[in-house]
1. Name the lysines eligible as straight-distance cross-link partners of Lys11: C-alpha to C-alpha under 23 Å, and not fewer than 8 places from it in the same chain.
2. Report the label-to-label distance for Gln3 and Glu146 in nanometres (one decimal), using points 7 Å from each Cα along the Cα→Cβ vector.
3. Quick check on the chain: helices-only [θ] at 222 nm, where DSSP H runs of length 4 and up contribute -39,500 (n - 2.57) each and the sum goes over total residues. Nearest 500, please.
4. Show me, bin by bin at 10 Å from 0, the whole-percent P(r) of the chain based on Cα pairs.
5. Throw me the Rg/Rh for the range 89-197, computed over C-alpha atoms with Kirkwood Rh, two decimals.
6. Please report the antiparallel percentage of DSSP beta bridges with both residues in the chain, rounded to the nearest 5.
7. Which whole-number percent gives the relative contact order of the chain, counting Cα pairs below 8 Å spaced six or more residues apart?
8. Compute log10 of I(q)/I(0) for the range 12-101 with the Debye formula, placing one identical point scatterer on every Cα and leaving out solvent, at q = 0.23 Å⁻¹, to two decimals.
Amino acid sequence: MTQAALTISSKNYSSWSLRGWLLCRMAGLDFEEVLVEMNDDARQELLLLSPSVLVPRLTHNDVTVWDTLAIAEYLNEVTPDAGLWPVDIADRARCRAVSGEMHSGFHNLRSALPMNLKARHERFKIFSGARPDVERVKTIWAECLEASGGPWLFGENPTVADAMYAPVCSRFRTYAVELEPKLAAYAEMVLAWPLMLEWTEGALAEPDEIVELEVEF
Ligand SMILES: N[C@@H](CCC(=O)N[C@@H](CS)C(=O)NCC(=O)O)C(=O)O
């Protein structure tokens, strides 16, 4: 029998855990969630099982995969019919490019607008250094939706790109980032995605905010 486990940390704060979890669910993987709690003494020990000492980490049979993009590629190989990447080669290339941008960039956005599903900051002033990142996300969404016709970035079904940008939808809601109607509709759809609602329910059930985590995480 297949055995799979995904090591994640806080559902409220850990955007990479969210991405890895969405990808596993989108792939239809039957997996156990291994949650390393913020205050857990065993946390460092558990994280050390991931060579990067980061979450998410997927174990599937005898295979261990860390790093979210590697997890996406692995899941695509074991569940090729799940449609994690678009079918069309040009769409697939663009999907990989925008997913790669999220994976390797947007540092200012990530540090200035940390994910915090529980929080709402209606009058948040975005640090000037993060504004180009916010604008770049808007451009990516607008171009993808225009090219695919939506409602997801690459058409009728969610792909890796939607999982990559799902935490950004949550950040934009938390920090009240203004979006034009088409982009607002996209972000709202992602936040109302049953998988997102399930994850958010878990985030809301976590103990209240830990002050030192109100920073990049
Ligand atoms: N590039 C990594 C980033 C993973 C990452 O930064 N994970 C954070 C949580 S969102 C983490 O594990 N931080 C260390 C810690 O929790 O102790 C990936 O794609 O998986």
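1. Lys118
2. 5.1 nm
3. On the way: 9 runs with 105 residues, N = 217.
-15000 deg cm²/dmol, from helical runs alone.
4. Percent of Cα pairs in each bin: 8, 35, 38, 17, 2, 0.
5. Here the Rg-to-Rh quotient is 0.94.
6. Values: 9 of 13 bridges.
So the antiparallel bridges in the chain amount to around 70 percent.
7. Dividing the mean separation by the residue count of the chain yields 24 percent.
8. -1.23
The values are calculated or read from the model by the stated rules, or taken from the named source; none is laboratory data. Computed from a predicted model, the values in this text were never measured in an experiment. Backbone-built Cβ (ideal geometry, glycine too); neighbour counts: all protein chains shown. These area figures cover heavy atoms from the full protein model, side chains too; ligands, DNA and RNA do not enter into them. Shrake-Rupley method; radii C 1.70, N 1.55, O 1.52, S 1.80 Å.
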